[in-house]
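The values are calculated or read from the model by the stated rules, or taken from the named source; none is laboratory data. As the structure is a prediction and not an experimental result, all values here were calculated from the model. Using ideal geometry, Cβ is built from the backbone for each residue, glycine included, and neighbour counts are taken over all protein chains shown. With ligands, DNA and RNA removed, areas are computed over all heavy atoms of the protein, side chains included. Shrake-Rupley method; radii C 1.70, N 1.55, O 1.52, S 1.80 Å.
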Amino acid sequence: MVLIIFGIILLVAAIAINRQQREELLKVSRAVRIGGIVLILLGVLTSCIKQIDAGQIGVKSLFGKVDDDILTSGLNFVNPLVDIKTVDIKTQNYTMSGVHDEGDKAGDDAIRVLTADGLEVIIDLTVLYRVISTEAPNIVKETGLDYRDKIVRPLTRTKIRDNAVYFTAIDLYSTKRDLFQGRIFKSIEEDFKKRGLVLEQLLVRNITLPTTVKASIEEKIKAEQDAQKMEYVLQKEKQEAERKRVEAQGIADYQKIISSGLGDKQLQYEQLQVMKGLITSQNAKVIIMGGGKTPMILDGKN
């Protein structure tokens, strides 16, 4: 478009020079006119060819009227008077964080919400979203290219505050965190879809509780851990007592069997087995003297 404007200016200048009807200026007028025509032709050609990068689409606008047809990535031939607005359709993220320079906005941009128990909780959040290609013309007409600040940011913050009132601070911090995240995802997803956006993922990065609540939670967790430790110790002691009882019962049963099962004949048999071992030994001789019950063992070496 700029080349076309410069070309027209050169043509107007050539006509003005030509009106002076001075012979020395006729050559200059002709050169200026040719230059103007060349610029106009180059401007028309460059304005007719539009390149759309990968991951983007083009939305055509002619004198303020937005066309519903979109331009895909690559080279496209268009009306040179058409204004092309490029829209990013890749996955985008928007982070709201209380850490300095970590979010998309400088400073503390975390979301402060009130829970069901009236406590203020600070939430850091990242939103992953993308533009629906076919809805890009409507976004340009109804919202403009700054849809992140007009739709993504305010809608997300509002929905999180609306849903946080159904949970207590401790629930958000521990047991019902996933439930809270799923609830706000569903709520935001529906509104995004109405505005031409797709919510891909919602990441609750951090939940900061008031200092007093955090301290009480830590005390509760410590008490539960101590109770679990004591339960483990008691269980171990019970198991050890059971082991000793079983061991004592086994010894008592053994002694009972021995005392009731061994008679005089059994004892004599056991003595004979011992004496047999001694007789066959290379180190001693066994001599049974008389009819006494107690044998005499004489060392064969002496």
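Points to keep in mind about this one:
- Ranking G196, V140, A227 by Cα position along the charge dipole of region 137-227, where only Lys, Arg, Asp and Glu carry charges on their C-beta atoms, puts V140 farthest toward the positive end.
- Counting only Cα atoms, region 142-198 measures 40, 15, 13 Å along its principal axes, largest extent leading.
- E231 accessible area, 1.4 Å probe, all protein chains in place, Å² to nearest 10: 130
- With a Förster radius of 45 Å applied to the beta-carbon distance between K141 and L203, the computed FRET efficiency rounds to 0.90.
- The amide H of T168, built 1.01 Å from its N in the peptide plane, has A116 as neighbours under 5 Å, considering only residues 5 or more places off or on other chains.
- Probe 1.4 Å - accessible area at K214, Å² to nearest ten: 90
- The simple Förster model, with R0 at 45 Å and r as the Cβ-Cβ distance, assigns A227 and D69 a FRET efficiency of 0.10.
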